[in-house]
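See below for the structure under consideration.
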Amino acid sequence: MKYFMLFVFTILFCCKPSAISEKPEEIISFLTLEYGLKDTLFLDAIFFANDYKPEFKFNKNIGLIYLEKTNQLILDPFPNVSGLTFIEFSNKSEQYVLPIIINKKPEVRFSYKPERKQKNIYVMGNFNNWNRKGNTMLDPEGDGIYETIISLDEGVYEYQFVLDHKEIFDPNNPEKVDNGFGYFNSIKRVASEQAGKAPNLFFVPAGNDHEIKLAVDNVLPDKEIKITGLIDNQFLNENNIQIQDGHIILDLKSLPEDNKTHLIRIVAMAFGQPGNVIPVWVKNGKVLDNKFHLWQDAIIYSLMIDRFFNGDSANDNPVIHDELADQANFRGGDLSGLKKILESGYFDSLGVNTLWISPVNKTTNSAYREWPEPHRYFSGYHGYWPVSSTEIEPRFGSMADFKELVNSAHKNDIRILLDFISNHTHMEHSFYQNNPEWFGRDELPNGEKNIRRWDEYRLTTWFDTFLPSFDYLGSAEALETMTNNAVWWLRETGIDGFRHDATKHVPYEFWSTLTRKIKLNVNPERNYPIYQIGETFGGYDLIKSYVNSGMLDAQFSFNQFFIARRVFTEENGNFQDLAGEIEKAQKVYGYNNLMGNIIDSHDQARMMALLDRDLTLSDDAVERAWSYPAVQVDHAETFAKARVFFTYLLTVPGIPIVYYGDEFGMTGAGDPDNRRMMRFDEKLTMQEIKQLKQVKKIIGIRNRHSSLRRGDYLTLYSSPEILIYTRGDARERLIITLNKSNKEQNLKLFLPEWIKGSGLQSLISGKTINIQSNKLEMVLSSYTGDIWTMIPKNL
């Protein structure tokens, strides 16, 4: 049974409970169905209710059947129907609207003529999660040319052909990229016939908080464009929407003054085809202010406790083992140290408002040898080898220390996300010792080891021989125990959410059970619902299948990250690829989604190492982590390159995530070199101090400008080395410029007619540029990112 990603899911992000709840209503998001295909989904993936008694109205575009016994909805688009439609329904006394986009994807042909006869030929790529047998290629004409046709969304795809005994890139396609494994993937670019035809909407600053003004970026006549508005989960009264001088005007003064945050969504359609969706959060008849209210306003800082700061040397207790390297052992970081850094004001000064901390569970006191060659020994310093589900690792501190950390964070208006491990335990855990039937086996029926078979056996594979994976589909007791355990951590410690490890290796049933328990038992106690973000490597369909009302709020946007990393670090990286990926992510995950955008992580080589050319994407970053001399930053321009990436990270849609040390330019190869001990103050070089200051400024700009967190997005210009885009909301219009080349770039740019202003002013340097007749002439220095605010014409 499929689960579906349902677009924007909005959560209030406030600090202290009040007598009257200001939480917004949970939003029913836009659902995407494939043209001509019947689909079935669980109703809790659409909206949450204590009891489900839905009644659906007839819809002329989609046939629907509700299965009461299983709480499932069968949706069957009628023949030759595509575009946007709305299903109205009720649940008990509540009225709802479900917006549905029936998406007609372009058909893409893959063909290959082998030099010699093959038994089987397949095509695999990031469109089918690199499944080696995902799409079979056939030779129906008997001419030796094997083909298959796959329906794909717009975007850039990587692929290979799978022959009987090897995988190869497409020899007839000259465009290919390094795949990071010493070989290449071919590139397929997919465009839709509808691209550029749908009417997109963009903010025009209205000059007051009681009004929303939108422009239509399309040449179609007004009579061909239909505007639809939703407020929360119902249609917006048409009287609230007017068209004046070619602009769409929304009058907010008639909206309820109930001290609640409401979400208005506006979409334009032409000939049934929708453009983008414009979300606007309002409160008491005004556009929501610029303060932190929503998870869209979050900036997440990711850290590993053992590698952050040693606040109590009395609990230092490294594992003793002759073959255990220092970099794979405990280094002394603890909860006391993290609390000291928090209370010193470091995070406030940096501008982050949410901490994602590594697992705090008690772990093993022994070193274990990894199953894959070269069989190195590791300790459980990272926290991902739990031997208890309720105890804190003594080297980190106590449960009291953890609760004090959470309380101190909340006093400083900082939220805490805890890394939760649901896929496995360590073999020393009492769960495995006492209930082995809760777990699967590390051996396949054919006798092969089922170790790290990430995609082929994603729901059963073990991470190592000593890390048994739960078998939730075979053990209801295990599922009940671990979902209860997650709820226990939330209620016992007061944390604000989870980063979920290895999401795709855990079945959907776990996530739907956990999320329902959270919504029933935790959210009612909070003035802001819990936020859950998952980790899944795979194609868009797999990643988004976990993101909906019934499961997770978000996942890491790895597909966008991998393209961004390639674009920024490789000489032939093309900003046009990244521009397309930014736009695709919004269509797939929703406009103003809560997906996480990263610069690197504890599982990836540090961005600085790649930008400094100490590593390339074809190198084995993990093996480089064990080589000497250690990676270090050798070139001053590498810091400038990193600032360009930070400018991108902090200005595109989604939630930015800063990995500890990135803020000053920490480098490192793969695991465990990417987990070096954090450095502060006098341990930073002058260049790192300068970098930290500049990154703080960029983060500060995001915090001060709501358009970077809740605004629209439009690419204005893209070339291999330059990317220019705009973000805007009801209050302002910003333009972001990125130049990743080592050369100064001169650019002439014509802005859309609806962007009005006499000039631009840099929010970083204060520099100004004139605009004449919507024509912009700019000089972009090498390795620079900048954020510009529009200067109104009347100033």
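The values are calculated or read from the model by the stated rules, or taken from the named source; none is laboratory data. Note that the coordinates shown come from a computational prediction; the quantities given were computed from them, not determined experimentally. Please note: Cβ atoms are built from the backbone with ideal geometry, for glycine as well, and neighbour counts cover all protein chains shown. For the accessible areas, the whole protein counts, side chains as well, though only heavy atoms, and no ligand, DNA or RNA atoms are used. Shrake-Rupley method; radii C 1.70, N 1.55, O 1.52, S 1.80 Å.
Here are a few things to note about the model shown:
- The equivalent ellipsoid of the range 73-180 has semi-axes of 39, 16, 13 Å, largest first, where each one is the square root of 5 times an eigenvalue of the Cα gyration tensor.
- For the range 557-644, GluC sites (Glu not before Pro) are listed when DSSP marks them as loop and at most 15 other Cβ atoms sit within 10 Å of their Cβ; the list is Glu570, Glu571.
- In Hz, Karplus ³J(HN,Hα) per residue of the range 246-255 (6.51, -1.76, 1.60; θ = phi - 60°; x = Gly, Pro): x, 10, 9, 10, 10, 8, 8, 5, 8, 6
- Working note: Cα atoms of the chain, range along each principal axis, descending, whole Å: 77, 65, 63.
- Legend: Rg and Dmax of the range 536-656, from Cα coordinates, 15.5, 49 Å.
- Converting the Cα gyration tensor eigenvalues of the range 671-728 into ellipsoid dimensions via √(5λ) gives semi-axes, longest first, of 31, 17, 13 Å.
- Value of Rg to Rh for the range 711-795, rounded to two decimals, is 0.94; Kirkwood radius and Rg both from alpha-carbon coordinates.
- Centre separation in Å (Cα based) which lies between the range 460-487 and the range 50-123: 31 Å
- Compactness of the range 217-320 is given as radius of gyration and Dmax, 23.3, 76 Å, from Cα positions.
- Relative contact order of the chain: 12 percent, from C-alpha pairs under 8 Å at least 6 residues apart in sequence.
- Each Lys and Arg adds +1 at its Cβ and each Asp and Glu adds -1 at its Cβ; summed about the Cα centre, the chain shows a dipole of about 1760 debye.
- A dipole drawn for the chain from +1 and -1 charges on Cβ atoms has a positive end, and of Ala476, Ala609, Pro54 the residue lying farthest that way is Pro54.
- Residue-averaged 222 nm ellipticity for the chain, from DSSP H runs of 4+ at -39500 (n - 2.57), nearest 500: -5000 deg cm²/dmol
- Computed over the Cα atoms of the range 598-679, pair by distinct pair, the Kirkwood hydrodynamic radius stands at 12.8 angstrom.
- Options Ile701, Thr647, Tyr659, ranked by Cα towards positive dipole end of the range 639-747, top entry (Cβ charges): Ile701
- Altogether, the Stokes-Einstein calculation at 10 °C and 1.306 mPa s, with the Kirkwood radius of the range 394-491 over Cα pairs as Rh, returns a diffusion coefficient of 102 µm²/s.
- Loop-located trypsin sites (Lys or Arg not before Pro) in the range 334-386 whose Cβ has at most 14 other Cβ within 10 Å (DSSP): none
- Reported to the nearest whole Å, the Cα centre-to-centre distance from the range 248-299 to the range 139-161 is 42.
- If you take the Cα centroid of the range 549-602 and the Cα centroid of the range 780-795, the two points sit 24 Å apart.
- Percent accessible area from carbon and sulfur atoms, the range 95-187, protein chains only, probe 1.4 Å: 45 percent
- Residues in the chain average 41 Å² of solvent-accessible surface per residue, probe 1.4 Å, ligands and nucleic acids excluded.
- Among the chymotrypsin sites (Phe, Trp or Tyr not before Pro) found in the range 138-224, those both in a DSSP coil and sparsely packed, with 14 or fewer other Cβ atoms within 10 Å of their Cβ, are Phe181, Tyr183.
- The calculated FRET efficiency for Asp143 paired with Lys743, based on their beta-carbon distance and R0 = 45 Å, is about 0.40.
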